[in-house]
1. Which one of the conditions (1) at pLDDT below 80; (2) surrounded by fewer than 17 Cβ atoms within 10 Å (Cβ to Cβ); (3) not aromatic (Phe, Trp, Tyr) does ALA82 fail to meet, given that it meets all the rest?
2. Test ALA10 against the criterion of being more than 30 Å from ALA177 (Cβ to Cβ), at pLDDT below 80, loosely packed, with under 10 Cβ neighbours inside 10 Å and not assigned by TED's automatic domain parsing to the domain that holds THR201, and give yes or no.
3. Given GLU929, GLU911, GLU964, which one is farther than 30 Å from ALA559 by Cβ and of a type in the set (Asp, Glu)?
4. I'd like to verify a number: residues in region 982-1024 that are closer than 30 Å to ARG755 by Cβ and among the basic types (Lys, Arg), how many?
5. Between residues in region 397-419 that are among the charged types (D, E, K, R) and residues that are in a helix (DSSP H, G or I) and surrounded by fewer than 14 Cβ atoms within 10 Å (Cβ to Cβ), which pairs lie under 9 Å by C-beta distance while being six or more apart or on different chains?
6. For region 905-919, which residues satisfy the criterion of being buried (at least 18 other Cβ atoms within 10 Å of the Cβ) and in contact with a strand residue (DSSP E or B) (Cβ under 8 Å, 6 or more places away or on another chain)?
7. Could you check how many residues of region 849-878 are touching a residue at least 40 places away in the same chain (Cβ under 8 Å) and either aliphatic (A, V, I, L, M) or assigned to a helix (DSSP H, G or I) (or both)?
8. Select from region 606-646 the residues that are farther than 25 Å from TYR520 by Cβ and either exposed (fewer than 15 other Cβ atoms within 10 Å of the Cβ) or at pLDDT 85 or above (or both) and list them in ascending order.
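The values are calculated or read from the model by the stated rules, or taken from the named source; none is laboratory data. All values derive from a computational prediction rather than experimental measurement. Here the Cβ positions follow ideal geometry from the backbone for every residue, glycine too, while neighbour counts run over all protein chains shown.
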Amino acid sequence: MASSEQQEHAVALLQPKVEEAYTTDGSLDIDGNPALKHRTGGWRACRSILATEFCYCLAYYGIMYNLVTYLTTVLHQSNVAAAKNVSTWQATCFLTPLAGAVVADSYWGRHRTMVVGCCVAVAGMLMASLSALLPQLIESSSTLSMASAQEIVLFLGLYMIAFGLGGLRPCLISFGADQFDAGDPSELISKGSYFNWYIFTMNCGSVISTSGMVWVQDHYGWALGLAIPAMILAVGLSCLVAASRAYRFQTTRGSPLTRVCQVVVAAVCKFNVAPPDDVSLLYELPDDASSMKGAAVVTASDEEAAGAALRNPWRLCVVTQVEELKIFVRMLPLWACITFFYTGTAQVNSTFVEQGMAMDARVGSLRVPPASLLTFQMLTTITLIPLYDRAFVPAVRRLTGREKGISELMRIGGGLAMVVLAMAAAALVETKRVRAWQTAMEKTSIMWQVPQFVLAPAMASTDTEQQEHAVALLQPEVEEAYTTDGSLGVDGNPAMKHLTGGWRACRPILGTEFCYCLAYYGITFNLVTYLTAELHQSNVAAANNVSTWQATCFLTPLAGAVAADSYWGRYRTMVVSCCIGVAGMLMAALSALLPLLIKDTSSMASAQEIILFLGLYMIAFGVGGLRPCLMSFGADQFDDGDTSERISKGSYFNWYIFTMNCASVISTTAMVLVQDHYGWALGLGIPAMVLAIGLSCLVAASREYRFQTTRGSPLTRVCQVAVAAVRKFNVAPPADMALLYDLPEDASSMKGVQRIEHTADLRFFDKAAVVTASDEEAPRNPWRLCVVTQVEELKILVRMLPLWACVAFYYTATAQANSTFVEQGMAMDTRVGSFHVPPASLATFQIITTIVLIPLYDRAFVPAARRLTGREKGISDLVRIGGGLAMAALAMAAAALVETRRARVAHAGMEPTSILWQAPQYVLVGVGELLATVGQLDFFYSQAPPAMKTVCTALGFISVAAGEYLSSLVVTAVSWATATGGRPGWIPDDLNEGHLDRFFWMMAGLGCLNLVAFTSCAMRYKSRKDC
């Protein structure tokens, strides 16, 4: 009996009343459900937010407080220029929060905005640190050009920090306040204390910055002093993300600026309409500012329009919307006064520091950095906040009856008075300092600045009341709300169409693709130059090494696809692979740094090669998880059961290649330029930073994605069919295909599995589904008896193999663009006017061609062809691939003609042929990429069985690998066969002694034969569905 009573008591404790269990302000938890008080919010959530605030302040102020010293001593700017630059940057840091606030309130929500802002700020801090490293990485004889390069990199980093802070600053403080329920009196009082402790935490971070960080920068250099803040902010990001399940989230209501503008437009439209004397005619009781009430007045035209259609928000607004604008208007005069307050406090980080630099910084045997005097400002705030919150507020509350003791406006007024006193104290100290200097007396001690720092408040903290508006959640019909393809949201629940997937999810995926391609091609396009010029490899060895590595990069996607489809899922596979790719790129950069780190040059080349190839093949394995998953994961965001989304999926593949080429064109110009002019250490280090940014883009949008469930290894299922068919070699398939083994629709193993109808060809594999007497006697053995859907999966793969082989040879031809084309360009005149064009940069013509043609193809050609053919994609994928194969053959012919001309001019002793003659062959390769590359990716994905999307996508990349390996084999075979008997061969180190034109003609002829073979296979191919 006692045990029963204890159980009932425990149940009662675990099931509080509904009105007590949930918050009253409409906040949600991370899963989108109403927030439970005892599991979310309050101080449990605010601790991690305050920890993030601490790290952010430690990082930001660690750069800001001593920035004027860096500008004047390292970059040699004048006092005026340095003060102006610091003030302008700080002003931007306080201006960007407006944009961040709009984004947070309108679209992303505060949590996601903070995560993205944090990632951008970390990248900016790394850029700032890089500016201090430049003199060690680049050997430049011009001090002037070095300073300008440092300034460019520094200010690029600083303004990236400013934009990152734009997402952090407004969201951190308001997100913390969201953790307290305004409808709960105890939590409402805690919210008042939260703002005090927010400022307390901020100043704790700041005081460490003004002492520890400034000391590091002055004694251990600016490279370390600017890098540590990036690491600290990354720790803060981890604190923020780690406690995600403890937070309360507010729903977004669309752009607040739009709502404000609607009120203004509606009021102007009704300028001549007088507000009614009977205020009950409005939606709710109005406030003052009667000039704005016209926006909420219902006129006859409004009633007529309402009878025919929905209310026009630009003519008729609700009173709550009007009141929002009134609040802003009332605050504007106060805002203007506070703005001037910050004009005074801005001197703390600029002219106060410059004043200190002209004073005696010695205190006993120690030298005090001028920026460290800010410690007195922080210590004052840190000391007074607990006294204010725990002593002053309770004492004054008993006198005034206010919850906060005194009003926010009185508190702000006191802050304005303090800043005036601080400026007066600074003026007195400067008068004393100048008098001492003019009379040649001993310098004034820097400690005279202490009073002005004590008087200058760190922040006039205001606890502005926030009006929380309840937002009714849309409840669409169930059949319209969810996707039809069985995809899930990040929480494991069925994916809702209006919250996940589509182009909203594909944008960050394409952003990650952009960063990945910018990083990968930033290494690929000029790698042959690094191998020949820096590691002194021969042309043949360099071409083979590049082709072999690129082939590996296109082969590893098979392993990545199996891991994604079988175990990890695409998203997790991409995240892990991205981390491996970043580590590999850092290894490649280290290989270029070795000569600067090691003085022994005897074994330098071999050590560089070991580290370089270790890094390159780490990149290859990282790319193996990214390549197949990025594209198929993006395609997963479109529901095949929705006609409009299915059409968008066709466009997605075009824009995927478009994004890839946009990044590639930057790689072939900017990255190659950096590598050729600023050294390989920097040129190989930047890609690692770019790929890290891509990882941030991918992770930041996690809640937008649709996820597909994994069904175990697709290769295992394929092998089971092959083994079962071989075991039943002597068993004839039945004439009635209905007798083949299949599971019923309601079988647990077939839930969520899309069935594939039986096809009549490749009858040998049907034997795997024939039920024999031994199969009936024992439980089903998947290695002896397979279902029809499983058999059809293997048939699909077998049908695609001949086409895959033809596509693979296409990439044997295009592989020359990154090897023999570059070697051909190195033997030509690279001068274009007064410029020197790196041979690898000619690939820009290929990329630009693709970038220009993809929008035309997607927006003009496809709609026109769709009207003629009736196909959703305009033409079939196979026709598109065939056109690409033809372009590759033409590109080889063009290269042969150019080489014939180049060799003839070289043998005649005439001026070398201009490298621009190579442009047509690169353009033809670009057209081929538009047709064949996009076409084969779309083909393999659309033809793939539902459970093998990533594996079949990987087939497209494996075809590239096979082409690259075959290219390496062909180059080696041709070099070996033509270099016998003491002859130099077709591809010697000195191309003037060889016959590279014959090699190109050979590739053109093989390309034509490949096109004929592909056409024959395509005509016989039995499509799973119209493509």
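1. Among (1) at pLDDT below 80; (2) surrounded by fewer than 17 Cβ atoms within 10 Å (Cβ to Cβ); (3) not aromatic (Phe, Trp, Tyr), the lone unmet condition for ALA82 is (2).
2. Numbers: more than 30 Å from ALA177 (Cβ to Cβ): yes; at pLDDT below 80: yes; loosely packed, with under 10 Cβ neighbours inside 10 Å: no; not assigned by TED's automatic domain parsing to the domain that holds THR201: yes.
Here the answer is no, as ALA10 does not meet what is asked.
3. Values: GLU929 fails: farther than 30 Å from ALA559 by Cβ; GLU964 fails: farther than 30 Å from ALA559 by Cβ.
GLU911 is the lone residue from the list that is farther than 30 Å from ALA559 by Cβ and of a type in the set (Asp, Glu).
4. Step one: filter region 982-1024 for residues closer than 30 Å to ARG755 by Cβ, giving 1017-1024.
Imposing the further condition that a residue be among the basic types (Lys, Arg) reduces the set to 1020, 1022, 1024.
Residues meeting the conditions: 3.
5. That search, which allows pairs on different chains as well, returns GLU403/LEU188; GLU403/ILE189.
6. Correct list: THR913, ILE915.
7. Of all residues in region 849-878, those touching a residue at least 40 places away in the same chain (Cβ under 8 Å) come to 849-851, 853-855, 857-858, 862, 871-873, 876-878.
Checking the rest, the ones that are also either aliphatic (A, V, I, L, M) or assigned to a helix (DSSP H, G or I) (or both) come to 849-851, 853-855, 857-858, 862, 877-878.
Number satisfying all stated conditions: 11.
8. Of everything in region 606-646, those that are farther than 25 Å from TYR520 by Cβ and either exposed (fewer than 15 other Cβ atoms within 10 Å of the Cβ) or at pLDDT 85 or above (or both) turn out to be SER606, GLY641, THR643, SER644, ARG646.
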